1. Among residues belonging to the stretch 90-139 that are out of contact with any strand residue (DSSP E or B) (no Cβ under 7 Å at 6 or more places or on another chain) and on the phi > 0 side of the Ramachandran plot, point out the one that is modelled with the highest pLDDT.
2. Give the residues of the stretch 12-34 that are under 18 Å from Ile131 (Cα atoms) and among the hydroxyl-bearing types (Ser, Thr, Tyr), sorted by residue number.
3. Against the conditions (1) open to solvent by 60 Å² or more (accessible area, probe 1.4 Å); (2) hydroxyl-bearing (Ser, Thr, Tyr); (3) modelled with pLDDT of 80 or more, where does Thr40 fall short? Just the number, please.
4. Applying the selection to the stretch 110-144, what residues are under 24 Å from Thr54 (Cα atoms) and open to solvent by less than 30 Å² (accessible area, probe 1.4 Å)?
5. Looking for whichever is farther than 24 Å from Pro145 by Cβ, at pLDDT 80 or above and open to solvent by less than 60 Å² (accessible area, probe 1.4 Å) here; the options are Pro87, Pro14, Pro31. Which one fits?
6. Yes or no: Ala119 in contact (Cβ under 8 Å) with a residue 40 or more places away in the chain, in a helix (DSSP H, G or I) and touching a Pro at 6+ places or on another chain (Cβ under 7 Å)?
7. Would you please name the residue that is modelled with the lowest pLDDT, looking only at residues in the stretch 46-84 that are of a type in the set (A, V, I, L, M, F, W, C) and assigned to a loop (DSSP other than H, G, I, E, B)?
8. Scan the stretch 107-165 for residues that are hydroxyl-bearing (Ser, Thr, Tyr) and under 12 Å from Leu12 (Cβ atoms) and report the count.
Amino acid sequence: MPPPNATAAYHLIPYPKTLYLYQFRSNASLPVSLLSREETDAEGDGGPTFKSITWTKDETSIITDKPIEAYYNHEGGGEGGGTGSVPNAAHKATQGPERYAALAIRGPMDLSLTGVLCALITPLKAANIAIFTISTWNTDYLLVPLAQKERAIEVLSHDGWSIDI
């Protein structure tokens with residue numbers, strides 16, 4: 001299913017770094033540095049970082065562009081970890097890390113738009129490519145397993161999506 005129309009908002013922009021997906025218990029202690037905006041990226045160049053944290057009564061899901069251990073080590077292990085170590089067993093992720101590649105829909109998008117994600121994920125479903133999505137106020141992010149990134153880009157390009165590579 002091609003994009004709903006040809007507007008620039010239906011272009012996809014690959015995120016340049018690998019994203020790591022983790023699942024924690026809903027009551028797990030997380031490092032304060034995970035919530036900080038004052039950190040540098042994984043390459044240490046001060047660039048922006050990608051973090052998404054979703055808390056529900058059942059779980060906490062975290063997506064970040066660096067391994068979770070970096071946040072614990074940043075604090076010398078605090079928040080349930082030993083000094084300078086990753087967290088103890090009570091605070092470790094229950095799942096992950098799963099490695100993903102992300103494509104962002106060029107935004108900002110109007111919140112009243114409908115069918116955008118459906119149009120984006122339909123060809124990937126047909127190609128048997130698993131997806132994970134994140135929505136923000138301005139845009140949607142499509143995450144695909146890192147090993148399927150090139151295939152996903154090929155499928156979406158063939159379907160009519162413009163991808164800024």
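1. Asn128
2. Scanning the stretch 12-34 gives Tyr15, Thr18, Tyr20, Tyr22.
3. That leaves (3) as the condition not met.
4. Val116, Leu120, Ile129, Ile134, Thr139, Asp140, Leu142, Leu143, Val144
5. Pro31
6. Values: in contact (Cβ under 8 Å) with a residue 40 or more places away in the chain: yes; in a helix (DSSP H, G or I): yes; touching a Pro at 6+ places or on another chain (Cβ under 7 Å): yes.
Answer is yes for this residue.
7. Ile68
8. Qualifying residue count, the stretch 107-165: 4.
The values are calculated or read from the model by the stated rules, or taken from the named source; none is laboratory data. In this text, all values refer to a predicted model and were calculated from it rather than measured experimentally. All Cβ positions, even for glycine, are placed from backbone atoms using ideal geometry, and neighbour counts span all protein chains on display. Heads up: the accessible areas ignore ligands, DNA and RNA and are worked out on the full protein's heavy atoms, side chains in. Shrake-Rupley method; radii C 1.70, N 1.55, O 1.52, S 1.80 Å.
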